[in-house]
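The values are calculated or read from the model by the stated rules, or taken from the named source; none is laboratory data. All of these numbers come straight from a predicted model, not from anything done at the bench. Backbone-built Cβ (ideal geometry, glycine too); neighbour counts: all protein chains shown.
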Amino acid sequence: MPRPGELTLVPARRGKPPRHLADLDVDARRQAVAELGEQPFRADQLSRHYFARHVNDPAQMTDVPAAVRDTLAATMLPTLTTAVKHLETDGGTTRKTLWRLFDGALVESVLMRYTGDRPRVTLCVSSQAGCGMNCPFCATGQQGLTRNMSAAEIIEQVVAAERMLAGGEIAGGTGRVTNVVFMGMGEPLANYKAVVTAVRRMTDPAPSGLGIGRRGVTVSTVGLVPAIDKLAAENLGVRLALSLHAPDDELRDELVPVNTRWKVGEALDAARAYFEKTGRRVSIEYALIREINDHAWRGDLLGKLLNERGRGWVHVNPIPLNPTPGSKWTASRPEDEAAFVAALEERGVPVTIRDTRGSDIDGACGQLATVGD
Ligand code: SAH
């Protein structure tokens, strides 16, 4: 367990999961297949099975000669994740899955189907086993960092969700993943390379990737400023969420320890630059913690800091704190939440309260933890 405020940027464990089709771009896939002594077009067939049909069972690859199916599947599509358990709530429209990785590391993903006027299916994925950012209100932050996940381990969570949806396992009929948020375990920008590769695999059109709309993908970060700048330059077209949680450095140093490296002002400047470069409106995440960060003056200060950087580039997503085991903190009172929101709105900043979906199965924001599971 990390000491309070201690950051872990480099994971202790360096074990690498087996290489997988989803780690490779189209050319590298062809080359890998050629190295096995097969025709390069077999790689395209495998891509079609995996990315377009979500199949990795060699028996279903009837266009590949039976004699080579097993070898190709075993080398290019090794099993990376095994479901340990599923927990469901909201009448079966929310499902949290605990995954065991090849080395025993555990991670979770949460699938959420929304109906109504904006129907969508959002998958919240993990990008690291554990997290090194040590935010004291976040359950994952308290368990420390085990290791980075590979791009394919991240993608496997999405492919598994597609299979659940196609198989009618999620209430509401068959469906597809429309949104992916990197809001599960881990700090995505601390595992930069794998996350960017995974984003490309998600958003590349089928069959080279999963064909999920770029705007449907959100990368959420504590504010690793150099990595935000780098991400802006990748031209991925994805959304950025910045987990701010306090507008003043004194409090943010405590709530988001990485603030001791990159201050509120620097994180907001990077977020603004991300908007300028990509045209994507940035979200500011703000967990409302009772009598800690939920004062109206902090809402007002946040609105002021955002407006100093322009209008129309940002919206704020407050979320009532989801309680985590052993934490002394709890969610804000409704009247304090309302006053915080009003202070932002008075400054003309768009605000949407985020829901705490999945909190009854410890599947809501900040509740993912696999210690003692
Ligand atoms: N490391 C990334 C992504 C993971 S968490 C990040 O920090 O952005 C996704 C969001 O949930 C973040 O905004 C995070 O600050 C927030 N969160 C963490 N713990 C929470 C809690 N107990 N209640 C509500 N939100 C929480």
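A few comments on the model shown:
- Check on Ala190, of a type in the set (Gly, Ala, Ser), modelled with pLDDT under 95, within 14 Å of the ligand (Cβ to nearest atom) and surrounded by 21 or more Cβ atoms within 10 Å (Cβ to Cβ): no
- When we screen Val341, Val316, Val349 for residues that are buried (at least 17 other Cβ atoms within 10 Å of the Cβ), in a loop (DSSP other than H, G, I, E, B) and more than 11 Å from the ligand (Cβ to nearest atom), the only hit is Val349.
- Within the stretch 257-297, tally of residues that are among the hydroxyl-bearing types (Ser, Thr, Tyr) and within 10 Å of the ligand (Cβ to nearest atom): 2
- The condition of being within 14 Å of the ligand (Cβ to nearest atom) and more than 18 Å from Leu231 (Cβ to Cβ) holds for Met112.
- Output for the stretch 125-152, where each listed residue is under 24 Å from Ala22 (Cα atoms), touching a Leu at 6+ places or on another chain (Cβ under 8 Å) and within 16 Å of the ligand (Cβ to nearest atom): Ser126, Gln128, Ala129, Gly130, Cys131, Met149
- Test: residue in the stretch 139-149 that is assigned to a loop (DSSP other than H, G, I, E, B) and surrounded by fewer than 24 Cβ atoms within 10 Å (Cβ to Cβ): yes
- The test for being in a loop (DSSP other than H, G, I, E, B) and either in contact with a Ser or Thr (Cβ under 9 Å, 6 or more places away or on another chain) or in contact (Cβ under 8 Å) with a residue 60 or more places away in the chain (or both) does not hold for Gly37.
- The listed residues are Glu250, Glu254, and the only one of them that is within 15 Å of the ligand (Cβ to nearest atom), out of contact with any helix residue (DSSP H, G or I) (no Cβ under 7 Å at 6 or more places or on another chain) and not in a strand (DSSP E or B) turns out to be Glu254.
- Unique match (being under 30 Å from Tyr114 (Cβ atoms), out of contact with any strand residue (DSSP E or B) (no Cβ under 9 Å at 6 or more places or on another chain) and not hydroxyl-bearing (Ser, Thr, Tyr)) among Gly37, Gly91, Gly5: Gly91
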